[in-house]
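Participant: Before anything else, here's the structure in question.
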Amino acid sequence: MAPRRFSYSRRDWARLRPLSHSFKGAVRSAVDAWYSRKPAADPAEVAHVRQAIAGRTAGVIVAFNAPWAIELQARACRRHLPDMVYAVGDNSSNPDAAAEIRAVCTALDLPYVRLPPNPSRAPSRSHGFAVNWIYRNVIRPAAPSIVALLDHDLFPVQPIDLAAKVADQPVFGLVLPHRFGGRVMRSGHTPWYLWPGYLVMDFAQVAPAQPDFRQDWFSGMDTGGMMWRRLYWRLDRSHMRLLSQDEEIWHHVPVGEAADGTPLEIVFSEMDGWVHSINAGEHVPAPAQKRAFIIDYVSRRAGLDANG
């Protein structure tokens, strides 16, 4: 049986945290199940994406309010992952941005589905609900051979072979640790999980675990954390090639000062042949120069010309 929760301290019990955590967890699971049953506005879009990725190597992108990122990512993927079917699940909260993203996908002949309105405005929780909807309504029925869940602001700048990443293991991605220091599960396991913004999966090996890509926040894990108890606890990391946070190279490019004198900088990272611009949907304010900088930087690194 999978390890379930951390052991609770006397202080936790005094604050009734086990009870509040159980209640909130049950509510969020019920919302997730309800949301996954909601139909897309256009069933034809769902059918189109399923048909496009069935039996193939699929890159499934969760879009959010950034048409420019989808266009740049799609162009870079066509150059460096030509065997991957690029498909978009649009979780945008801005209807105008969603319309632009659909237009980009139409112009580039990309499979696209507009997700139902998300029940959460919290970025990580919204992301988890969105990925689960896409997995249950699109990926699972289509049964691609390989599927990569990709953030919309992750851009390949060199050739990448997704199938090779999972040639002898069920999953590949960036390992994230739980947040609660030295606390461990009751079983003694130290939990870990993979960021669902760059998660490559062998569908046949992963599907029986009935994936759940939501947060397991009360166990100290962000989006994707529920996969620990669904699958990851069974895996022997010592026999797997996974990315560590030490392999992620961070860039901080100064671009002046804000009106209050606070330094402004463009922050992005690189790992495993990808540039991650971070916060393309601008959940938090970003320097005005960032979008143009990332487009230029990725275009030069990826070798894109004006025609893609």
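Participant: Within the range 73-90, is even one residue outside any loop (DSSP other than H, G, I, E, B), at pLDDT 95 or above, among the aromatic types (Phe, Trp, Tyr) and in contact with a strand residue (DSSP E or B) (Cβ under 8 Å, 6 or more places away or on another chain)? Break it down into steps so the answer makes sense when it comes.
Facilitator: Step one: filter the range 73-90 for residues outside any loop (DSSP other than H, G, I, E, B), giving 73-80, 85-90.
When the remaining residues are screened for being at pLDDT 95 or above, the result is 73-80, 85-90.
Narrowing further to those that are among the aromatic types (Phe, Trp, Tyr): 86.
In the following step, the residues that additionally are in contact with a strand residue (DSSP E or B) (Cβ under 8 Å, 6 or more places away or on another chain) were identified as 86.
Yes, there is a match, as at least one residue in the range 73-90 is outside any loop (DSSP other than H, G, I, E, B), at pLDDT 95 or above, among the aromatic types (Phe, Trp, Tyr) and in contact with a strand residue (DSSP E or B) (Cβ under 8 Å, 6 or more places away or on another chain).
Participant: Within the range 137-168, count every residue that is outside any loop (DSSP other than H, G, I, E, B), of a type in the set (Gly, Ala, Ser) and over 15 Å from the mean Cα position of the chain (by Cα).
Facilitator: Applying the first criterion (outside any loop (DSSP other than H, G, I, E, B)) to the range 137-168 yields 137-142, 146-151, 154-156, 162-165.
Narrowing the set further to residues that are of a type in the set (Gly, Ala, Ser) leaves 142, 148, 163-164.
Restricting the remaining residues to those that are over 15 Å from the mean Cα position of the chain (by Cα) gives 142, 163-164.
Result for the range 137-168: 3.
Participant: Hey, among the residues in the range 244-263 that are modelled with pLDDT under 90 and either buried (at least 16 other Cβ atoms within 10 Å of the Cβ) or acidic (Asp, Glu) (or both), which one's farthest from TRP195 (Cα to Cα)? Write out each step before concluding.
Facilitator: As a first pass, look at the range 244-263 and keep what is modelled with pLDDT under 90: 255-263.
If we keep only those that are either buried (at least 16 other Cβ atoms within 10 Å of the Cβ) or acidic (Asp, Glu) (or both) as well, we get 257, 260.
Values: GLU257: 32, ASP260: 35 Å.
The selected residue is ASP260.
Participant: Can you find, within the range 35-47, the residue that is modelled with the lowest pLDDT among those that are surrounded by 11 or more Cβ atoms within 10 Å (Cβ to Cβ) and of a type in the set (A, V, I, L, M, F, W, C)?
Facilitator: Within the range 35-47, the match that is modelled with the lowest pLDDT is ALA41.
Participant: Could you check how many residues of the range 70-94 are more than 21 Å from VAL138 (Cβ to Cβ) and surrounded by fewer than 24 Cβ atoms within 10 Å (Cβ to Cβ)?
Facilitator: Within the range 70-94, the subset more than 21 Å from VAL138 (Cβ to Cβ) is 71-72, 75-76, 79-80, 82, 94.
Next, from what is left, pick out any that are surrounded by fewer than 24 Cβ atoms within 10 Å (Cβ to Cβ): 71, 75, 79-80, 82, 94.
Counting residues in the range 70-94 that are more than 21 Å from VAL138 (Cβ to Cβ) and surrounded by fewer than 24 Cβ atoms within 10 Å (Cβ to Cβ) gives 6.
Participant: List, please: which pairs have Cβ atoms under 7 Å, are six or more places apart or on different chains, and start with a residue in the range 218-243 that is without any contact (Cβ under 8 Å) to a residue 24 or more places away in the chain and end with one that is crowded, with 23+ Cβ neighbours inside 10 Å?
Facilitator: No pair meets every condition.
Listed here are the residues, each with its yes/no results for (1) modelled with pLDDT under 95; (2) part of a strand (DSSP E or B); (3) not assigned by TED's automatic domain parsing to the domain that holds VAL131.
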| position | (1), (2), (3) |
| --- | --- |
| PHE180 | yes, no, no |
| ARG183 | yes, no, no |
| THR190 | yes, no, no |
| TYR193 | yes, yes, no |
| GLN205 | no, no, no |
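Participant: Could we say that ALA122 is among the small types (Gly, Ala, Ser), out of contact with any Phe, Trp or Tyr (no Cβ under 6 Å at 6 or more places or on another chain) and at pLDDT 95 or above here? Spell out how you get there, then give the answer.
Facilitator: Details: among the small types (Gly, Ala, Ser): yes; out of contact with any Phe, Trp or Tyr (no Cβ under 6 Å at 6 or more places or on another chain): yes; at pLDDT 95 or above: no.
So ALA122 does not fit the description; no.
Participant: Moving on to the next point. Every residue in the range 271-296 that is surrounded by fewer than 19 Cβ atoms within 10 Å (Cβ to Cβ), without any contact (Cβ under 8 Å) to a residue 40 or more places away in the chain and not polar (S, T, N, Q), please.
Facilitator: VAL284, PRO285, ALA286, PRO287, ALA288, ALA292, ASP296
Participant: Right, next: Scan the range 136-151 for residues that are within 13 Å of LEU199 (Cα to Cα) and out of contact with any Cys (no Cβ under 9 Å at 6 or more places or on another chain) and report the count.
Facilitator: Of the range 136-151, the ones within 13 Å of LEU199 (Cα to Cα) are 146-151.
This time we only want the ones that are out of contact with any Cys (no Cβ under 9 Å at 6 or more places or on another chain), so: 146-149, 151.
Here the count works out to 5.
Each row is one residue, and each column tells you yes or no for (1) of a type in the set (D, E, K, R); (2) within 30 Å of LYS24 (Cα to Cα); (3) in contact with a Pro (Cβ under 8 Å, 6 or more places away or on another chain).
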{"position": "ALA66", "(1), (2), (3)": "no, no, no"}
{"position": "GLU71", "(1), (2), (3)": "yes, no, no"}
{"position": "ALA76", "(1), (2), (3)": "no, no, yes"}
{"position": "ASP109", "(1), (2), (3)": "yes, no, no"}
{"position": "LEU115", "(1), (2), (3)": "no, yes, no"}
{"position": "TRP133", "(1), (2), (3)": "no, yes, yes"}
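Participant: Looking at this structure, is SER145 hydroxyl-bearing (Ser, Thr, Tyr), assigned by TED's automatic domain parsing to the domain that holds ALA207 and buried (at least 19 other Cβ atoms within 10 Å of the Cβ)? Steps first, please.
Facilitator: Values: hydroxyl-bearing (Ser, Thr, Tyr): yes; assigned by TED's automatic domain parsing to the domain that holds ALA207: yes; buried (at least 19 other Cβ atoms within 10 Å of the Cβ): no.
In short, no.
The values are calculated or read from the model by the stated rules, or taken from the named source; none is laboratory data. Remember, it's a predicted structure, so these values are computed and weren't measured experimentally. Reconstructed Cβ throughout: ideal geometry from the backbone, glycine too, with neighbour counts over all protein chains shown.
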